[in-house]
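Trainee: Below: one structure in structure tokens.
Nothing in this text is a laboratory measurement; each read-out follows from the coordinates by a stated rule. Everything quoted here is computed from the prediction, not taken from an experiment. Quick reminder, even Gly has a Cβ in these numbers, built from the backbone with ideal geometry, and neighbours come from all protein chains shown.
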Amino acid sequence: MTLKAQPKASHFIDGEYVEDEAGSVIESIYPATGEVIARLHAATPAIVEKAIAAAKRAQPEWAAMSPTARGRILKRAADIMRERNRELSELETLDTGKPIQETIVADATSGADSFEFFGGIAAAGLNGSYIPLGGDFAYTKRVPLGVCVGIGAWNYPQQIACWKGAPALAAGNAMVFKPSENTPLGALAIAEILHEAGLPKGLYNVIQGDRETGPLLVNHPDVAKVSLTGSVPTGRKVAAAAAGSLKHVTMELGGKSPLVVFDDADIDSAVGGAMLGNFYSTGQVCSNGTRVFVQRKIKAEFLKRLRARTEAILIGDPMDEATQLGPMVSWAQRDKVLSYIEKGKAEGATLVTGGGIPNNVSGEGYYVQPTVFADVTDDMTIAREEIFGPVMCVLDFDDEAEVITRGNATEFGLSAGVFTADLTRAHRVVDQLEAGTLWINTYNLCPVEIPFGGLKQSGFGRENSLAALEHYSELKTVYVGMGKVEAPY
Ligand code: NAD
């Protein structure tokens, strides 16, 4: 049988594809049909060693290159990604089930932005400072960390591979990246493109694996940093393991973000923002505004428009450009989401629309209807736990102070949004909401220029922007004595 998306081998190490069939089998499944589209192997300990050794060997020479020369290669990779956007987007759709309508604008393109941005700022973003000290002086320099490990989630496989790889490489590090076992394909394509763009071998390696493989990377003594995108429970495990050898960590974890709609908001924009922040990527977005607080006066009108627009969403074949909502990434995730929907019904939330499996799609696909619950209260399971599916919870509120307190009453702190015509209020509210990335009168836009990351249990460290370079480098301080040393003995 020919498999639709079979890569040349499971891993990409030291500039070439590598296989080790001793590793357990990972089946890559197209979520729209349940079809196996590729068969790969998880990395054995020997593969992990090989990848880390290649990265360790290649890194010093890369770090010794000028940042401009490093940046040039990254920018070339960005150009290749844009030229191949169609091909990469189709691969991303096969890997994740996300509709081509989304992947064509949000995945490889955002990865390319990342290589372009970090390629461009490598030369200016890594400068140190000069500190006058009277006669003496000091200076600081930003130096790379060494071998960095990236571990990805399954919702944005190509984007995550780039968001971690681009700043790491720009700062002079080498990377070993492990994609999610659910979406093993995209990162291999990124590795190939980087090498085609001229990246010296050994600097960006991809190995496959699951929760058994991750710890082999995290515990490895030659690894200086781990950047994880994943759930909070995984974040706790990875941070704890990394602490054992005092590795640097960036944690991009989950959320249950509040999106607050005041009664003076442009209702159509707020409905659009809430839909984007709950249904894009079939709800599998960490920063989603899954608790939509709507001021009571506009509740009826908001729900009316939301319901009409939600019921008009085109669900179907992800490869059809008209399709707006694809399947969940896996059968397990589909079941998890359906069980949350049942909990919502059982705990007394009002089902406005959706609530089950759409009837216009193949029963083999992992589809769930876009679902809206109203009259959700803070204590309901669907208002407290991250569902990671197309399930929007609408909660009522009366005044500003109340909604801030309730919005913050969560262990998470990834994102938040406010829709209002009163910009003074908007700034006052975002100032008090406990989140790392916040939006006023829009939602979920994450261009590479702005820092992205969470507070509280949603993690620490930042991706994108100049801030990311700081998380892939460290500071050295040099004190220069200009006179004779005066010692008292
Ligand atoms: P997950 O936590 O199950 O897995 C994430 C990755 O960690 C996978 O590659 C997995 O193989 C690996 N892993 C699991 N256990 C490990 C261990 N003990 N040591 C090392 N690696 C281990 O997450 P998921 O289900 O793939 O993704 C969904 C989660 O990711 C959601 O909670 C979502 O909010 C979060 N997410 C966060 C961001 C962000 O930027 N903040 C972005 C996307 C997704």
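Trainee: Hey, what do the phi angles of region 367-384 turn into as Karplus ³J(HN,Hα) couplings, whole Hz, using 6.51/-1.76/1.60 and θ = phi - 60°, x for Gly and Pro?
Mentor: After applying 6.51 cos²θ - 1.76 cosθ + 1.60, I find 7, 9, 5, x, 10, 10, 10, 10, 6, 7, 10, 4, 7, 5, 4, 5, 8, 9 Hz.
Trainee: Based on the alpha carbon coordinates of region 101-195, what radius of gyration and maximum Cα-Cα distance (Dmax) apply, in Å?
Mentor: 17.0, 62
Trainee: Where the convex hull is taken over the Cα atoms of region 152-264, what is its projected area averaged over directions, in nm²?
Mentor: Its average projected convex-hull area is 9.2 nm².
Trainee: Tally Lys/Arg at +1 and Asp/Glu at -1 over every other residue whose Cβ is under 12 Å from the Cβ of Ala166; what's the total? Could the numbers behind the result be given before it?
Mentor: Details: positive: Arg70, Lys75, Lys164; negative: Asp113, Glu116, Glu463.
Once positives and negatives cancel, what remains is 0.
Trainee: How would you order 132-142, 387-397, 360-370 from highest to lowest mean count of nearby Cβ atoms within 10 Å?
Mentor: With the highest mean Cβ count within 10 Å placed first, the list reads 387-397, 360-370, 132-142.
Trainee: Could I ask something else about it? What whole-number distance in Å separates the alpha-carbon centres of region 365-407 and region 200-275?
Mentor: After rounding, the separation between the Cα centres reads 22 Å.
Trainee: Going down the list Lys299/Lys345; Lys75/Lys201; Lys299/Lys456; Lys4/Lys56; Lys304/Lys456; Lys178/Lys247, which pairs span over 24 Å between their C-alpha atoms?
Mentor: Correct reply: Lys299/Lys456; Lys4/Lys56; Lys304/Lys456.
Trainee: Another one. Report for the chain the percent antiparallel among DSSP-assigned beta bridges with both residues inside it, nearest 5.
Mentor: Bridges in the chain that DSSP calls antiparallel: roughly 45 percent.
Trainee: Taking 8 Å as the Cα distance limit and 6 or more residues as the minimum spacing, I'd like the relative contact order of region 243-354 as a percentage.
Mentor: 23 percent.
Trainee: Here's something else I'd like to know. About its Cα centre, how strong a charge dipole does region 258-440 have in debye, to the nearest 20, once Lys and Arg get +1 and Asp and Glu get -1 at the Cβ?
Mentor: Result for region 258-440 is approximately 240 debye, rounded to the nearest 20.
Trainee: Contact order normalised by length for the chain, with contacts defined as Cα pairs under 8 Å and 6 or more residues apart; what percent is it?
Mentor: Once divided by the residue count of the chain, the mean separation gives 18 percent.
Trainee: Next question, about the same structure. Can you work out ³J(HN,Hα) from phi for every residue in region 126-133, in order, using Karplus 6.51 cos²θ - 1.76 cosθ + 1.60 and θ = phi - 60°, giving whole Hz and x for Gly and Pro?
Mentor: 10, 6, x, 9, 10, 10, x, 9
Trainee: In addition: Relative contact order for region 1-95 using alpha-carbon pairs under 8 Å, separation at least 6, rounded to a whole percent? Please list the in-between numbers first.
Mentor: On the way: 86 pairs, mean separation 25.2, N = 95.
Computed value for region 1-95: 26 percent relative contact order.
Trainee: For the chain, what is the largest minus smallest coordinate of the Cα atoms on each principal axis, given in angstrom and ordered from greatest to least?
Mentor: 79, 65, 40
Trainee: Lys and Arg at +1, Asp and Glu at -1: add these up for the other residues within a Cβ distance under 14 Å of Glu61 and post the number.
Mentor: On the way: positive: Lys56, Arg57, Arg70, Lys201; negative: Asp14.
Summing Lys and Arg as +1 and Asp and Glu as -1 gives +3.
Trainee: Continuing with this model, one more query. Just the ratio, please: alpha-carbon radius of gyration of region 258-440 over 2.2 N^0.38 Å, N its number of residues.
Mentor: Computed over Cα atoms of region 258-440, the ratio equals 0.99.
Trainee: Then there is this: Using each residue's phi in region 286-299, evaluate 6.51 cos²θ - 1.76 cosθ + 1.60 at θ = phi - 60° and report the 3J(HN,Hα) Karplus result to the nearest Hz, with x for Gly and Pro.
Mentor: Each residue of region 286-299 in turn: 4, 8, 3, x, 7, 10, 9, 8, 10, 5, 3, 4, 9, 3 Hz.
Trainee: What is the helix-to-structure angle for 157-170, meaning the angle in degrees between its Cα long axis and the longest Cα principal axis of the chain, kept from 0 to 90 and rounded to the nearest 10?
Mentor: Relative to the chain, helix 157-170 is tipped by roughly 30 degrees.
Trainee: Looking at region 330-408 from every direction and averaging, what is the projected area of its Cα convex hull in nm²?
Mentor: On the way: hull surface 22.1 nm².
Quarter of the Cα hull surface area: 5.5 nm².
Trainee: Using +1 at the C-beta of Lys and Arg and -1 at the C-beta of Asp and Glu, which of Asn360, Ala435, Phe302 has the Cα lying farthest in the positive direction of the dipole of region 258-440?
Mentor: Checked the options; the winner is Asn360.
Trainee: What is the spin-label model distance, in nm, from Thr442 to Ser231 if the labels are put 7 Å beyond Cα along the C-beta direction?
Mentor: Result: 3.2 nm between the two label points.
Trainee: Another question, if that's okay. For region 299-327 and region 1-60, write down the distance between their C-alpha centroids in whole Å.
Mentor: 36 Å
Trainee: Antiparallel DSSP bridges in region 258-440: what percent, to the nearest 5?
Mentor: About 15 percent, rounded to the nearest 5.
Trainee: Around Glu402, what is the net charge, scoring Lys/Arg as +1 and Asp/Glu as -1 over all other residues with Cβ under 13 Å from its Cβ?
Mentor: Neighbour charge sum, excluding Glu402 itself: -3.
Trainee: Same structure, new question: Pull up all non-local amide H partners of Glu35: gap of 5 or more, or a different chain, and H-to-H distance under 5 Å with H placed in the peptide plane.
Mentor: Amide H neighbours of Glu35, under 5 Å, 5+ apart: Tyr30.
Trainee: Go ahead and run the numbers for FRET between Thr140 and Ala46, Cβ-Cβ distance against an R0 of 35 Å, rounding to 0.05.
Mentor: My answer for the efficiency is 0.30.
Trainee: Going Cα to Cα from Lys336, which aspartates and glutamates come in below 18 Å? Please leave out same-chain ones fewer than 8 positions away.
Mentor: Reachable aspartates and glutamates: Glu181, Glu347, Glu364, Glu385, Glu386.
Trainee: Treating the angle as unsigned and between 0 and 90°, give the value, to the nearest 10°, between the Cα long axis of helix 45-64 and the longest Cα principal axis of the chain.
Mentor: It is inclined by approximately 60 degrees.
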